Amino acid sequence: MMIRDLKTMLGLGCVMLLLIYSGCSSNNEPKPVDCNTTDLGIALSTKSNPTGCGTIDGSIAVTASGGMAPYQFKLNSGVLVSTSTFSNLGPGTFNVVVKDSNGCERELSGVILTAPSAPSAGIPVLVSQTNCSSPNGSITLNVSGGTPPYQYQLGDGSFGSSSAFANLKAGNYTITIKDASNCIVTVNGTVASQTSVSFANDIAPILQANCIKSGCHNGDNGADRNWSVFANVQTNALNIKTRTGNKSMPKDIAPTGLPQAQIDLIACWVDSGALNN
């Protein structure tokens, strides 16, 4: 029994060795793929530029061919994904890589997406306020470039088609310009005050009647609060404009305040430089 079993085992071992040797020499074994000579390719299918200056809605779509499907794709240094379309893109230059099932890669480089250019605003035409009782300052804009037509917004107002803003008081203004591609640019302009308001003839009588009196601004509360002295009035000109404007001064007639015509005279005088004229 033992000799017969040994012969059987030796016979089986020879068969196994023969099978192993036969398998190693088979011509059916797949050969490694040379990625340098593969016919894997990638091409741009479509692209869509962003529709506005601040809009992230551009896209790139590519098509892969050759090699061994299925394919994977990545945008710039991103991760590999199965989709060949990339959306929600802003302006810029992009590279797309395809990788096939053999591990080979091909790159499509230099795909450019551009956004519409913003409009350009020249120096605005500024007209000074010369009338205190009826503000007549103005700002007119000169806009080019971008994507016409343009819309204009003064401060927090609503957008409109007019590039000119009239009936303005002296002061600083911000105007927002928006073109048809929703590109936005802002312009700052200052309307100067060139009124004929006189301190001696217009402002001093108002202060004398309403402020320069006992317990107020006649010096009872300190020499620097004596508005009979022009230097003190000039130093406090901006505060006088603010407080008469919000009707918290003169204190004894708050909150009614001064007549609007007098408030406007004080504001015009301050905006014109609070001159001793």
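The values are calculated or read from the model by the stated rules, or taken from the named source; none is laboratory data. Because the structure is a prediction, the values reported are computed rather than measured. Neighbour counts run over all protein chains shown; Cβ positions are idealised from the backbone, glycine included.
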Gly215 vs. criteria in contact with a Lys or Arg (Cβ under 9 Å, 6 or more places away or on another chain) and either at pLDDT 90 or above or more than 27 Å from Gly137 (Cβ to Cβ) (or both): no
Odd one out for Asn232, checked against (1) in a helix (DSSP H, G or I); (2) under 25 Å from Ser134 (Cβ atoms): (2)
Counted residues, the stretch 197-226 - those being in contact (Cβ under 8 Å) with a residue 40 or more places away in the chain and loosely packed, with under 13 Cβ neighbours inside 10 Å: 1
Residues within the stretch 89-125 that are over 22 Å from Gly41 (Cβ atoms), touching a residue at least 40 places away in the same chain (Cβ under 8 Å), surrounded by fewer than 17 Cβ atoms within 10 Å (Cβ to Cβ) and of a type in the set (Gly, Ala, Ser), tallied: 3
In the stretch 46-85, the residues that are assigned to a loop (DSSP other than H, G, I, E, B) and closer than 13 Å to Leu108 by Cβ: Tyr71, Asn76, Ser84
Within the stretch 32-56, considering residues that are of a type in the set (S, T, N, Q) and out of contact with any Asp or Glu (no Cβ under 7 Å at 6 or more places or on another chain), the one farthest from Gly66 (Cα to Cα): Thr55
Subset of the stretch 235-259 [part of a helix (DSSP H, G or I) and either among the β-branched types (Val, Ile, Thr) or touching a strand residue (DSSP E or B) at 6+ places or on another chain (Cβ under 9 Å) (or both)]: Thr235, Ile240, Thr242, Thr244, Ile253
Residue satisfying condition, being within 45 Å of the chain's Cα centre (by Cα) and not aliphatic (A, V, I, L, M), within set Asn246, Asn210, Asn221, Asn226: Asn246
Any hit, the stretch 163-171, residues being loosely packed, with under 14 Cβ neighbours inside 10 Å and free of Cβ contacts under 8 Å to residues at least 24 places away in the same chain: no
Extreme residue, modelled with the highest pLDDT, among residues of the stretch 132-177 that are under 30 Å from Leu265 (Cβ atoms) and aromatic (Phe, Trp, Tyr): Phe165
Boolean, Gln262 is assigned to a helix (DSSP H, G or I), farther than 25 Å from Ser134 by Cβ and not assigned by TED's automatic domain parsing to the domain that holds Gly137: no
